[in-house]
Every structure is written in structure tokens, then in C-alpha cells.
Amino acid sequence: MTPMSKVSLMQNLPNKVINLNKKVRASSALSAFIAALIIFSIVILILNMLVYPIHATVPLTLLASDKELDLIGKPGSWWLAKAYFSKPTPPEVVIFGSSQLGAMQGADAYVYHKTIDYTGDHRSYVIEHNFQELLNLNWRVLVAALPGAMMSDRLIISRSLFSASPRPMLVIVTCSPRDFIDKRCPSPTSTEPFAFFFSHIVLSSKEEHVLFANNGFEWRKILCLLLPVREFLESKYPEVYKYFYEPSSKNSDQKKFAKPFERIRRGEVLMTPNDGFISYNNINDYRIRYRDPFSSQFQMQMGCFDALLAYLSQMNIKVLVIDMPLTNDNRKLLPASFWQTYTDQIIKTCRKYGAEFLDINNDWKAFGDEDFIDSVHLNPPGGLKLTRPISLFGANALHLHSFEQLRKDEHKMF
């Protein structure tokens with residue numbers, strides 16, 4: 001080797017050492033990243049494995065003292081479950097929905113001139129009367145409606161209420177675009193019905209996939225495990241419970257609507273014969289809620305709708321699906337392409353599971369702006385109008401009489 005070659009080699013040696021060190025550090029960083037990723041995946045897997053079996057082991061308890069119900073109250077989901085299990089046998093008809101079904105109670109107050117207490121009365125006496133006239137059946141009709149409930153909540157609630165025999169003869173599933181798309185409710189785990197009922201049910205693998213596959217891992221799944229802790233503190237350590245869950249102070253102002261997660265006391269949310277005749281403009285609110293109508297949320301909630309009808313079919317419960325009335329101003333917030341997709345998917349799913357479908361906006365056409373208190377909620381006279389197609393097509397879904405015979409007796413309804 002020539003002197004010049006030795007000099008060149010000595011000059012290049014530090015650069016080679018530096019490059020080698022860079023490669024070693026890069027390799028070490030990559031290995032550390034892969035190791036961290038593997039550990040993270042294992043932790044997530046373990047947490048998911050923990051969540052699903054544990055949440056199904058907590059029984060649904062509905063015990064409460066009169067003092068608690070009068071002074072502290074319970075959330076709307078508790079009152080709903082209490083109403084369903086209030087008698088040894090379940091109601092023959094259950095109507096699922098959101099706050100849009102408040103019009104049912106408004107109709108009862110309007111027709112029978114009485115005050116309806118949201119906490120203790122979830123029945124629709126007008127529809128019960130109509131079933132008696134159409135089918136000569138003395139059936140109970142339960143309005144299973146909660147403010148802000150999404151389609152995923154109907155699935156969760158049905159899994160809890162219908163888990164044991166006997167079950168209802170007919171379930172009426174009301175729906176509206178907000179039940180599938182709501183920017184104010186981005187996650188199916190963020191609702192009150194999910195928080196209340198999830199720890200008491202067993203989901204199928206398909207239902208778990210629909211609810212969680214597109215949402216990634218959510219810490220709310222783990223937090224759901226803490227719900228029994230709250231119940232335990234409330235029963236065993238009331239002072240500790242009051243510290244962490246201090247109830248709102250009781251006031252003399254009568255409420256007309258209950259908010260999700262809000263504790264409601266007996267006599268606090270009332271519907272009187274003169275309520276519901278003041279109009280509001282909520283178009284801007286729904287402009288926000290309807291933003292991005294073709295998002296992954298829409299497909300996820302449609303998946304929940306499919307899972308709901310599959311479960312009801314498995315339980316041999318007859319189903320009527322009703323697309324609820326909206327004002328024209330509200331409908332115009334969504335493009336025609338959405339309405340086409342929305343209606344097509346609902347019809348396709350109903351046919352898949354043998355459910356009846358009624359599109360009130362297009363097939364009944366009995367509602368005008370004068371029937372609404374805002375762009376989605378009906379006033380009491382509008383609620384009374386709504387009971388007619390629900391009663392008529394609900395009776396038809398039971399296939400006990402021909403539709404022609406039912407139409408002949410339609411005049412007997414309210």
C-alpha cells in the first residue's frame with residue numbers, strides 16, 4: 001500500500017465510523033419504536049378483553065327510596081327502565097325514539113286534559129285507545145324515548161329491556177336523520193343510554209364490531225366499568241357519593257324537557273294540556289348537527305339500525321319503522337343525494353328483516369308548519385296527528401286484520 005493510500009484510508013475512517021454509528025442509532029430507534037408499538041397493542045388488546053366480559057356481569061337494579069326519587073332523582077334512562085319493568089309482564093307495544101316522541105305525551109295531555117309526569121308515565125293512552133278500537137285489544141303502549149338518543153341507543157336499550165321472555169309483540173322504531181348524523185354527538189359511547197345500559201348487556205361480536213370498529217379504542221369503554229362504583233358508593237357510602245356526585249339544588253321552576261345525564265325528580269318534568277304551543281327556530285342548531293352527512297358516523301349508525309332489526313327479528317318481535325315528520329326548512333338542510341341514500345338504506349334493511357316501513361313525510365303528508373314547535377318537534381295537536389299513522393300502520397304490522405278493514409275502522413281513532 002502506498003503512503004498516499006494509507007493517508008486516504010486514515011482520512012476516511014472517521015466518516016465510516018460516524019456513518020456506522022448513525023446506522024446503529026437508527027436501527028436502535030426503529031427497534032424501540034417497534035417494541036413500543038407491540039407493547040401498546042398488547043395493552044389495548046388486554047383492555048378490550050377486559051371490557052367486554054366484565055361489563056355484562058352487572059345486573060340492572062332499579063331500587064330507590066321515595067326520598068331519593070323526590071330529592072335527588074334519577075336519569076331518564078332509569079325512569080324508562082323502571083316503566084318497562086313496572087308490571088310482571090312487559091307492554092305489548094314499545095315505541096323507540098328520541099325527544100321527537102315527546103309529542104306522544106303532549107297528545108295525551110291535550111286529549112285527556114291531564115298533566116303527564118315524565119318520570120312516572122311513559123305510556124301513550126291515545127294509541128292504546130286506537131288499538132282497542134282497531135283490534136279490540138287492551139294493550140299497553142310504552143313510549144321508550146330519550147332526549148338525544150341515537151340509533152345505537154335503540155340497539156343498546158333493546159338489548160337490555162328485551163333480554164328475557166316475555167317480550168313485546170310489536171316494536172315501532174321511529175327514526176330521523178339526526179338519529180344517524182349528529183355532529184354534537186360524535187361517538188356512540190357519549191350518550192346517556194349507552195352509559196346507563198351498556199354495563200348490563202351482552203353484545204354479539206357483530207354488534208361490538210359495528211359500535212367500536214370504526215371508532216378506534218375509546219377510554220369510555222374502560223370508564224363504563226366505573227358505573228358500578230358509582231352505584232356502590234351511592235348505596236354504601238352516601239357522604240362520599242354526595243361529594244363526587246352532588247345533586248343540583250331543587251327549585252320551584254317546572255321543567256318542560258329533561259337533558260341527557262340530568263337527574264330528574266318526580267314532578268319536575270311535566271306536560272300539561274296547555275304546553276307546547278310556543279314556536280322556536282332551531283334551524284341553525286340542525287345546520288351544525290347535519291354537517292358532513294355522509295361521514296363514517298352515518299354508516300356506523302346504519303350498521304346499528306341493521307343490528308337492531310336483526311336482533312328484533314331473532315326475538316320474533318314484529319317491527320314497524322317510521323320515518324318521522326320534519327318541516328320543509330329542516331329537510332332542505334340536507335342534499336337530495338342524502339335523502340336518496342338514507343331512504344334506500346332504510347328500505348333495504350327493512351326488507352332484509354321483514355319489517356314494515358312508513359315514510360310519513362312522503363306517504364302520509366298530513367303535517368304542516370302549524371303542527372311543529374320547531375323544525376323537528378311536533379306540538380300536541382301535531383302529536384295527535386302522529387298517533388293516527390302510528391296506530392293504523394302499527395295495527396297493520398301485526399297482520400291480525402286486513403288493511404282494508406283497518407281503514408274502515410279508522411274513524412274510531414282519536
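Observations on the structure shown:
- Euclidean distance of C-alpha centroids, segment 113-164 and segment 336-414, integer Å: 16
- When peptides 348-361, 295-308 are sorted by average Cβ neighbour count within 10 Å, with the highest value leading, the order is 295-308, 348-361.
- Pairs over the 31 Å Cα-Cα cut-off, from the set 332/412; 87/412; 114/183; 332/408; 206/332; 74/348: 332/412; 114/183; 332/408; 206/332; 74/348.
- Per the Debye calculation on segment 51-146 with a single equal scatterer at every Cα and no solvent contribution, log₁₀ I(q)/I(0) for q = 0.12, 0.24 Å⁻¹ amounts to -0.47, -1.32.
- A simple packing score, the average count of other Cβ atoms within 10 Å per residue, orders the peptides 91-97, 261-267 as 91-97, 261-267, with the highest score first.
Laboratory data are not the source of any read-out in this text; all were calculated from the coordinates shown. Worth saying up front: this structure is predicted, and the values here are computed from it rather than measured. Note that each Cβ is placed from the backbone with ideal geometry, even for glycine, and that neighbours are counted across all protein chains shown.
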